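The values are calculated or read from the model by the stated rules, or taken from the named source; none is laboratory data. None of these values were measured; they are calculated from a predicted model. For neighbour counting, all protein chains shown are included, and Cβ atoms are generated from backbone atoms with ideal geometry for every residue, glycine included. Quick note on the areas: whole protein, heavy atoms, side chains included, nothing else; ligands and nucleic acids left out. Shrake-Rupley method; radii C 1.70, N 1.55, O 1.52, S 1.80 Å.
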Amino acid sequence: MTLTTEKQPRFHRDSKQLEMLRSMQTIRRFEERASDDYQAGAIYGVVHCYIGEEAVAVGVCAALNRDDQIISTHRGHGHCLAKGADLNRMMAELYGRQTGYCKGKGGSMHIADFSIGMLGANGIVAGGIPIVTGAGLAAQLEGKGRVAVSFFGDGASNAGPFHESINIAATWKLPMLYVCENNLYSAGTIAADTLALSDVAARAAGYGIPGVVVDGNDVMAVYEAAEAAVSRARAGQGPTLIECKTYRWRGHTERPGQEDPRPKEEIEEWRQRDPINRFATNLIDQGLLTEDAWQKMDAEILAAIEDAVKFSEESPFPEPEAAVEDIFAD
Amino acid sequence: MPKISYAQAGTDALIEEMQQDATTFHLATSASDELVKEFGSDRVRATPIAEGAFTGIAIGAAGSGYRPIINWGMITFSFVAMDQIVNQAAKIHYMFGGQAKFPITFRASVGGGRRVAAQHSQSPYSMFMNLAGLKMILPSTPYDMKGLLKSAIRDDNPVISFESNRLMGVEGEVPEEDYTVPLGVADIKREGSDVTLVALAWLVHEGLAAAEILEKAGVSVEVIDPRSLVPMDEAAIRASVQKTGRLVIADEAGPTAGASAEIITVVTEDRETFAKLKTPPKRVCALHVPIPYSPGLEDHVFPDRDNIVAGIREVLDAG
């Protein structure tokens with residue numbers, strides 16, 4: 001971890017790091033609970049967990065302002081929470097309740113909160129990339145220095161919308177970050193079998209923009225790369241492609257019995273590089289956090305998630321007739 | 001009232017709306033000098049020929065407070081952007097519980113008759129009508145073009161403007177003052193009492209010509225132009241059929257699961273209107289084929305005034 005490049009007063013940076021740790025642990029605990037409740041039948045359809053990749057969403061979103069915009073993928077809980085989404089409304093959406101972010105119309109794969117610049121999780125691989133590029137165009141037209149961030153996976157980087165959108169953003173110098181979460185697998189397929197290059201970031205050269213490879217399990221490395229890209233974007237110098245090498249600990253989805261091509265040893269090896277444990281240990285070593293404080297923080301997070309579950313359980317399901325509402329804006 | 005062309009009416013609507021609303025901007029694969037000169041290169045942009053990307057860009061900008069106007073060129077090019085149209089634009093407002101508005105206008109030319117074969121000739125309205133979440137207009141005159149397109153641009157939802165390529169040069173009277181034609185309001189282009197002809201786009205004109213021919217034979221044809229397909233003015237269509245007791249539909253698209261099939265259903269599913277029908281409805285549509293190139297082949301595929309006359313006679317002969 002690098003702490004020599006700090007531009008902020010020391011105490012700001014210290015408290016920011018503690019908030020980043022809290023955010024990462026919130027994502028993990030939220031998803032552990034979501035997975036349990038999915039297995040128990042309280043959450044429907046499909047749930048994709050982000051566990052193991054928390055440093056990417058948190059590192060990038062820590063470099064953003066509230067009015068900066070992001071778009072996410074089918075594996076979207078982490079991005080939502082890192083951008084500041086409300087735990088209660090998120091969990092209620094997973095529970096299919098009226099009080100959820102989408103009033104029960106979206107579920108796990110379609111959580112959005114436009115009030116915090118979260119333009120939605122998107123169930124189509126690469127589908128969100130052009131849309132958030134449009135948010136980047138809006139930010140440029142507005143001229144107030146806002147930026148927009150596209151989160152996507154290694155799989156999406158092989159699809160047309162990735163290439164078409166980056167070409168446009170580079171040509172128009174849109175204030176964009178394209179953040180590839182390379183977790184080495186495109187659903188059940190080994191990413192290296194579908195990608196001729198070892199680094200997705202190398203594709204940036206084809207569009208004349210910077211491409212950066214970052215250790216996606218090192219939250220401060222991600223943060224610093226994002227901060228540099230955000231500064232560049234706010235200064236009107238255009239987009240950056242950041243590739244975060246990371247790994248998901250769990251299967252493509254939480255559905256039981258699905259095939260997983262990944263060797264057990266590989267999964268275990270990446271668990272040893274746990275981005276949360278690594279960051280917490282580092283903060284303890286620096287004297288910014290004690291074991292007790294870390295356990296207290298975790299207990300607070302678990303309590304907040306328990307509250308979110310209670311909120312969801314107590315919330316009503318939408319009236320069936322609401323299925324025909326919201327097709328059009330009035 | 002000055003006379004202008006159908007194409008000019010569209011351009012005038014675009015310019016006037018862009019003058020009135022600073023959140024509008026225009027994306028297409030080319031940027032006209034006229035538009036760039038008036039609005040600058042920030043608000044009038046030539047995109048790469050990447051329909052999927054610039055369609056998605058419109059969605060994201062719309063969700064961020066802007067009111068994009070997109071020109072796909074020909075409707076067949078929009079098929080390249082199907083994920084963005086079908087999975088994103090149509091669903092995004094609903095899927096997110098209505099928390100944001102997506103005011104987008106998508107313009108595209110439709111129809112045949114230009115000898116440009118299958119990949120540049122199509123009227124695929126019903127492909128889009130089958131989706132929930134998109135509105136669509138189909139003007140047949142310069143007056144309707146300008147008024148409907150203004151309504152589309154001001155609407156807070158994605159609206160597709162299907163613009164008939166056969167009508168681009170057709171002139172008609174258009175007021176100089178600001179006006180709109182609301183979505184979902186049909187227009188009776190000609191009143192009549194013996195048969196209702198619901199005609200779409202170019203076939204409104206062929207239908208009016210057919211009505212002239214039939215008038216000489218003592219047949220009174222009411223010609224209705226729905227003008228917008230979503231929302232559809234069901235009440236106007238039913239009221240006309242209740243009056244005449246007969247229904248013919250003329251559409252440049254093929255018949256299968258088409259707008260024409262939907263219009264028949266609007267009539268036959270309504271008990272009161274169904275009870276007034278004297279004969280089964282009749283469709284006069286294009287043949288169900290990709291559009292061919294050679295003039296004799298292409299002309300054989302599309303219906304014209306003669307086919308409409310024949311269709312109406314068939315209905316009248318039936319009772």
Based on what the data block shows, is B:I4 under 24 Å from the mean Cα position of the chain (by Cα) and open to solvent by 10 Å² or more (accessible area, probe 1.4 Å)?
yes
Scanning segment B:166-189 for residues that are over 20 Å from B:K3 (Cβ atoms) and touching a strand residue (DSSP E or B) at 6+ places or on another chain (Cβ under 8 Å), which turns out farthest from the other protein chains (Cβ to nearest Cβ)?
B:I188
Mind counting the residues in segment A:117-156 that are under 18 Å from A:A63 (Cβ atoms), open to solvent by less than 10 Å² (accessible area, probe 1.4 Å) and over 15 Å from the mean Cα position of the chain (by Cα)?
4
Matching residues in segment B:79-123 (part of a helix (DSSP H, G or I), surrounded by fewer than 23 Cβ atoms within 10 Å (Cβ to Cβ) and not acidic (D, E)) number 9
Report yes if B:S30 is in a loop (DSSP other than H, G, I, E, B), in the same structural domain as B:V110 (by TED's automatic domain parsing) and over 24 Å from B:N157 (Cβ atoms), otherwise no.
yes
I need a count of the residues in segment A:189-205 that are under 20 Å from A:A225 (Cα atoms) and either surrounded by 17 or more Cβ atoms within 10 Å (Cβ to Cβ) or out of contact with any strand residue (DSSP E or B) (no Cβ under 9 Å at 6 or more places or on another chain) (or both).
5
So, B:A259, is that one under 17 Å from the mean Cα position of the chain (by Cα) and of a type in the set (G, A, S) or not?
yes
Determine if segment B:137-144 includes at least one residue that is part of a loop (DSSP other than H, G, I, E, B), among the β-branched types (V, I, T) and more than 12 Å from the chain's Cα centre (by Cα).
no
Selection count, segment B:53-99, where residues are within 23 Å of A:I111 (Cα to Cα) and in contact with a His (Cβ under 7 Å, 6 or more places away or on another chain)
2
Would you be able to say whether some residue in segment A:60-73 is more than 18 Å from B:Q99 (Cα to Cα), more than 14 Å from chain B (Cβ to nearest Cβ), open to solvent by 40 Å² or more (accessible area, probe 1.4 Å) and out of contact with any helix residue (DSSP H, G or I) (no Cβ under 6 Å at 6 or more places or on another chain)?
yes
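Matching residues to (1) surrounded by 20 or more Cβ atoms within 10 Å (Cβ to Cβ); (2) over 20 Å from the mean Cα position of the chain (by Cα):
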site: B:P231; (1), (2): no, no
site: B:R246; (1), (2): yes, yes
site: B:I249; (1), (2): yes, no
site: B:T268; (1), (2): no, yes
Just to be sure I understand the filter: pairs with C-beta atoms under 7 Å, separated by 6 or more residues or on different chains, first member in segment B:64-88 and β-branched (V, I, T), second member in a loop (DSSP other than H, G, I, E, B). Which pairs pass?
B:I75/B:P124; B:V86/B:L131
Among the residues of segment B:131-155, write down those that are among the charged types (D, E, K, R) and closer than 29 Å to B:A257 by Cβ.
B:K135, B:D144, B:D155
B:A209 vs. criteria surrounded by 18 or more Cβ atoms within 10 Å (Cβ to Cβ), at pLDDT 95 or above, within 29 Å of B:Q8 (Cβ to Cβ) and not assigned by TED's automatic domain parsing to the domain that holds B:S140:
no
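Rundown of residues vs (1) at the interface with another protein chain (Cβ under 7 Å from one of its Cβ atoms); (2) closer than 20 Å to B:M145 by Cβ; (3) among the β-branched types (V, I, T), yes/no style:
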| residue | (1), (2), (3) |
| --- | --- |
| B:Y6 | no, yes, no |
| B:H26 | no, yes, no |
| B:T29 | no, no, yes |
| B:G40 | no, no, no |
| B:E51 | no, no, no |
| B:G56 | yes, no, no |
| B:I59 | yes, no, yes |
Go through (1) assigned to a helix (DSSP H, G or I); (2) open to solvent by 30 Å² or more (accessible area, probe 1.4 Å) for A:V309 and report which single condition fails.
(2)
Of all residues in segment B:274-298 being in contact (Cβ under 8 Å) with a residue 12 or more places away in the chain and not in a loop (DSSP other than H, G, I, E, B), the one that is nearest to B:T244 (Cα to Cα)
B:K276
For segment A:149-163, indicate whether the set of residues that are assigned to a loop (DSSP other than H, G, I, E, B) and among the aliphatic types (A, V, I, L, M) is non-empty.
yes
Taking segment A:94-136 and keeping residues facing another protein chain (nearest Cβ under 8 Å), in a loop (DSSP other than H, G, I, E, B) and touching a strand residue (DSSP E or B) at 6+ places or on another chain (Cβ under 7 Å) leaves A:Y101, A:A112, A:L119, A:G120, A:N122
Any chance you could count how many residues in segment B:67-78 are assigned to a helix (DSSP H, G or I), of a type in the set (S, T, N, Q) and within 10 Å of B:E51 (Cα to Cα)?
1
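Residues are listed down the side, and each one gets a yes or a no for (1) free of Cβ contacts under 8 Å to residues at least 12 places away in the same chain; (2) touching a strand residue (DSSP E or B) at 6+ places or on another chain (Cβ under 8 Å):
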residue: A:S23; (1), (2): no, no
residue: A:G41; (1), (2): yes, no
residue: A:H48; (1), (2): no, no
residue: A:E54; (1), (2): no, no
residue: A:V58; (1), (2): no, no
residue: A:C61; (1), (2): no, yes
residue: A:N65; (1), (2): no, no
